[in-house]
Amino acid sequence: MGLLLLLRRSSAGSGQAMSFGKSRARFSMEAKTGVLFDDVAGIEEAKEELQEVVTFLKKPERFTAVGAKIPKGVLLVGPPGTGKTLLAKAIAGEAGVPFFSISGSEFVEMFVGVGASRVRDLFKKAKENAPCIIFIDEIDAVGRQRGAGIGGGNDEREQTLNQLLTEMDGFEGNTGIIIIAATNRPDVLDSALLRPGRFDRQVMVDLPSFRGRLGILQVHARNKKMSSGVSLEAIAQRTPGFSGADLANMLNEAAILTARRRKEEVTPLEIDDAIDRITIGLKLTPLLDSKKKRLTAYHEIGHALLMTVLPHSDPLDKVTIIPRSGGVGGFAKPVPSDDDINIESRSEILDFITIALGGRAAEEEIFGHDEVTLGAMSDIRTVADLARRMVTRYGMSDLGPVALESGNNELFFGRDFMPQGAEYSEEMATQIDRKIREIVFRCFGEARRIIRENRALVDRLVDLLIDQETIEGDQFRKIVAEYTQIPEEQLAAK
């Protein structure tokens, strides 16, 4: 009996060993992805480019009649959550052709040669079902640059990549097979993979604009009960920088909060709380009335006041001293601008640095140098980085319009094993440090001056913030207009 069990186990093990080289690609013969182009919103430019791929698959004779060749590969490039995988599903759903999907990491195994065997097996199946689509998600897992120069170049991942390169454009053609790949790291991909004849076109799937965000919100709000007071246009206006996945998550969080509060419909309050929860963190228990609470209030009022009176800043949305998860004791939040092309002038950057230093400036001005806290730690780190970029990369200092640093200090193991040395002399490094300190100290002095000259206003706002714990932007601007010569309309229209 024992011998029989051993024989069964060995036969099962040999069967598993023989199946190592089989492709694990998920295959749908009718391409029933359940997704069409109508289900994809916010990335209209990418959809237009990919519409040609659908036409290639449906009516190839329209292109071959004039001598055009069907593209072999389309690379979808963009930040995480922008809808690259969703686009691939939509292409397959629209074209109605067989659809193979696989992740780049599924090619790589601990056994040498298995990945290359899986690539061969995948393309063999695809050729039997051509015309078809092969979708490789996270292709950077297998398509990274070759030639690290350590331990030889004949490793498993490189063999897999070599086989993929050969299958895409080698001696044997793959007519009728279109490869769609997705990545958010195009900088690490091998150059042989990106050349024409393999990935013939790259489609940028970027973060959505205002109209794109509105379209995405309309798609995800279809199955949610929204109150009449919820404006999707207002939500889209408040969420620049959100990806499609972020917007879907935000509406889902709002629906969860609605159910938790035993409400029938999602209201603007749940939307506000969901946006704050995603961008800043989970709301915690408010602080008791103590010295720490008052110090936090002065710190946040310092940020908020400078954000309101400085001419080159976004208007204040709200300021609060209700703590959040992640060690956030409070925050002053601006209404973000919706500029699709984000070009910041020198005056805008200097005002941003001044606002970032507003919390520390308020602490020093009110409580003295010995009572400053760790609350400005992240602000100071941001200021140091931005001031350095002004000097070394943007040419916004007395050193002139020269780029002294490339800004690419990341070490990629497959490309740059030896770290690069300094790009300038020690004398220039001393001048850079001096210019950075000049920028930071000038902005810090300006922040302290504004707070010192408006001390009565600051005290009034702090007392109100401690009492209410949150001050909305409109109420804040109204109080500032009462104490200054700046009209409220001018403060709101920045």
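The values are calculated or read from the model by the stated rules, or taken from the named source; none is laboratory data. All figures in this text were calculated on a predicted structure; none of them were measured in a lab. No Cβ is skipped: glycine too gets one built from the backbone with ideal geometry, and neighbour counts run over all protein chains shown.
What number of residues within the stretch 65-80 are surrounded by fewer than 19 Cβ atoms within 10 Å (Cβ to Cβ) and at pLDDT 80 or above?
The number of residues fulfilling the criteria is 5.
For Leu257, are the conditions met, namely being touching an Asp or Glu at 6+ places or on another chain (Cβ under 6 Å) and among the hydrophobic types (A, V, I, L, M, F, W, C)?
On the way: touching an Asp or Glu at 6+ places or on another chain (Cβ under 6 Å): yes; among the hydrophobic types (A, V, I, L, M, F, W, C): yes.
Here the answer is yes, as Leu257 does meet what is asked.
For the stretch 381-404, what are the residues that are surrounded by fewer than 17 Cβ atoms within 10 Å (Cβ to Cβ) and either in contact (Cβ under 8 Å) with a residue 60 or more places away in the chain or under 17 Å from Val328 (Cα atoms) (or both)?
Arg381, Thr382, listed by residue number.
Applying the selection to the stretch 129-141, what residues are modelled with pLDDT of 85 or more and closer than 20 Å to Val97 by Cα? Step through it out loud before you land on a result.
Of all residues in the stretch 129-141, those modelled with pLDDT of 85 or more come to 134-140.
Ile134, Phe135, Ile136, Asp137 - these are the residues of the stretch 129-141 that are modelled with pLDDT of 85 or more and closer than 20 Å to Val97 by Cα.
Among all residue pairs at least 6 apart or on different chains, which show Cβ distances below 7 Å where the first residue, located in the stretch 297-321, is under 13 Å from Asp351 (Cβ atoms) and the second is buried (at least 19 other Cβ atoms within 10 Å of the Cβ) and among the acidic types (Asp, Glu)?
Listed by first residue and then by second, the contacts come to Leu310/Asp351; His312/Asp351; Ser313/Asp351.
Could you tell me which numbered condition Arg262 fails, if it satisfies all but one of (1) at pLDDT 90 or above; (2) part of a loop (DSSP other than H, G, I, E, B); (3) in contact with a strand residue (DSSP E or B) (Cβ under 8 Å, 6 or more places away or on another chain)?
If we test Arg262 against (1) at pLDDT 90 or above; (2) part of a loop (DSSP other than H, G, I, E, B); (3) in contact with a strand residue (DSSP E or B) (Cβ under 8 Å, 6 or more places away or on another chain), just (3) comes out false.
Name the single residue, out of those in the stretch 419-464 being assigned to a loop (DSSP other than H, G, I, E, B) and small (Gly, Ala, Ser), that is surrounded by the fewest Cβ atoms within 10 Å (Cβ to Cβ). Lay out the reasoning, then the answer.
If we filter the stretch 419-464 for residues that are assigned to a loop (DSSP other than H, G, I, E, B), which is where we start, we get 419-425, 454.
Narrowing further to those that are small (Gly, Ala, Ser): 421-422, 425.
On the way: Gly421: 5, Ala422: 10, Ser425: 9.
Going through the qualifying residues, I end up with Gly421.
Does Gly414 fit the bill of being surrounded by 14 or more Cβ atoms within 10 Å (Cβ to Cβ), in a loop (DSSP other than H, G, I, E, B), of a type in the set (Gly, Ala, Ser) and at pLDDT below 90? Before you say what the answer is, go through the steps one by one.
Working: surrounded by 14 or more Cβ atoms within 10 Å (Cβ to Cβ): yes; in a loop (DSSP other than H, G, I, E, B): yes; of a type in the set (Gly, Ala, Ser): yes; at pLDDT below 90: yes.
Considered against the rule, which asks whether it is surrounded by 14 or more Cβ atoms within 10 Å (Cβ to Cβ), in a loop (DSSP other than H, G, I, E, B), of a type in the set (Gly, Ala, Ser) and at pLDDT below 90, Gly414 comes out as yes.
Does any residue of the stretch 437-444 turn out to be at pLDDT 90 or above, assigned by TED's automatic domain parsing to the domain that holds His369 and farther than 26 Å from Ala304 by Cβ? Don't jump to the end; show me each part of the working.
At the first step, the residues of the stretch 437-444 found to be at pLDDT 90 or above are 437-444.
Among the residues that remain, those that are also assigned by TED's automatic domain parsing to the domain that holds His369 are: 437-444.
Remaining after also requiring farther than 26 Å from Ala304 by Cβ: 437-438.
Taking every residue of the stretch 437-444 in turn, at least one turns out to be at pLDDT 90 or above, assigned by TED's automatic domain parsing to the domain that holds His369 and farther than 26 Å from Ala304 by Cβ.
Need pairs with beta-carbon distance below 8 Å; first residue within 15 Å of Val440 (Cβ to Cβ) and within the stretch 359-379, second in a helix (DSSP H, G or I) and aromatic (Phe, Trp, Tyr); sequence gap 6+ or separate chains.
Close Cβ pairs (under 8 Å, with a partner that is in a helix (DSSP H, G or I) and aromatic (Phe, Trp, Tyr)) amount to Arg360/Phe444; Ala361/Phe444.
For the stretch 217-231, check the following and say yes or no: at least one residue is polar (S, T, N, Q), farther than 30 Å from Glu48 by Cβ and either buried (at least 17 other Cβ atoms within 10 Å of the Cβ) or outside the structural domain of Ile43 (by TED's automatic domain parsing) (or both). Break it down into steps so the answer makes sense when it comes.
Quick first cut of the stretch 217-231, residues polar (S, T, N, Q) only: 218, 223, 227-228, 231.
Next, only the ones that are farther than 30 Å from Glu48 by Cβ stay: 227-228.
Adding the requirement that they be either buried (at least 17 other Cβ atoms within 10 Å of the Cβ) or outside the structural domain of Ile43 (by TED's automatic domain parsing) (or both) leaves 227-228.
Yes, the stretch 217-231 contains a residue that is polar (S, T, N, Q), farther than 30 Å from Glu48 by Cβ and either buried (at least 17 other Cβ atoms within 10 Å of the Cβ) or outside the structural domain of Ile43 (by TED's automatic domain parsing) (or both).
Kindly indicate which of Ile486, Ile471 is assigned to a loop (DSSP other than H, G, I, E, B), among the aliphatic types (A, V, I, L, M) and either under 18 Å from Val319 (Cβ atoms) or at pLDDT 90 or above (or both).
Numbers: Ile471 fails: assigned to a loop (DSSP other than H, G, I, E, B).
Exactly one of Ile486, Ile471 is assigned to a loop (DSSP other than H, G, I, E, B), among the aliphatic types (A, V, I, L, M) and either under 18 Å from Val319 (Cβ atoms) or at pLDDT 90 or above (or both), namely Ile486.
Could you please let me know if Ala274 is more than 22 Å from the chain's Cα centre (by Cα), modelled with pLDDT of 90 or more and either within 25 Å of Ile136 (Cβ to Cβ) or among the small types (Gly, Ala, Ser) (or both)? Let's see the steps before the verdict.
On the way: more than 22 Å from the chain's Cα centre (by Cα): no; modelled with pLDDT of 90 or more: yes; either within 25 Å of Ile136 (Cβ to Cβ) or among the small types (Gly, Ala, Ser) (or both): yes.
So Ala274 does not fit the description; no.
Tally up the residues in the stretch 355-382 that are in a helix (DSSP H, G or I), out of contact with any Leu (no Cβ under 9 Å at 6 or more places or on another chain) and either modelled with pLDDT under 90 or outside the structural domain of Ile439 (by TED's automatic domain parsing) (or both), please. Explain how you work it out, then say what you get.
Of all residues in the stretch 355-382, those in a helix (DSSP H, G or I) come to 355-356, 358-367, 369-371, 374-382.
Imposing the further condition that a residue be out of contact with any Leu (no Cβ under 9 Å at 6 or more places or on another chain) reduces the set to 359-360, 364-365, 369-370, 374, 377-378, 381-382.
Okay, now just the ones that are also either modelled with pLDDT under 90 or outside the structural domain of Ile439 (by TED's automatic domain parsing) (or both), so 369-370, 374.
Residues in the stretch 355-382 being in a helix (DSSP H, G or I), out of contact with any Leu (no Cβ under 9 Å at 6 or more places or on another chain) and either modelled with pLDDT under 90 or outside the structural domain of Ile439 (by TED's automatic domain parsing) (or both): 3 in total.
So, in the stretch 264-291, exactly how many residues are exposed (fewer than 15 other Cβ atoms within 10 Å of the Cβ) and free of Cβ contacts under 8 Å to residues at least 24 places away in the same chain?
Total satisfying the criteria: 3.
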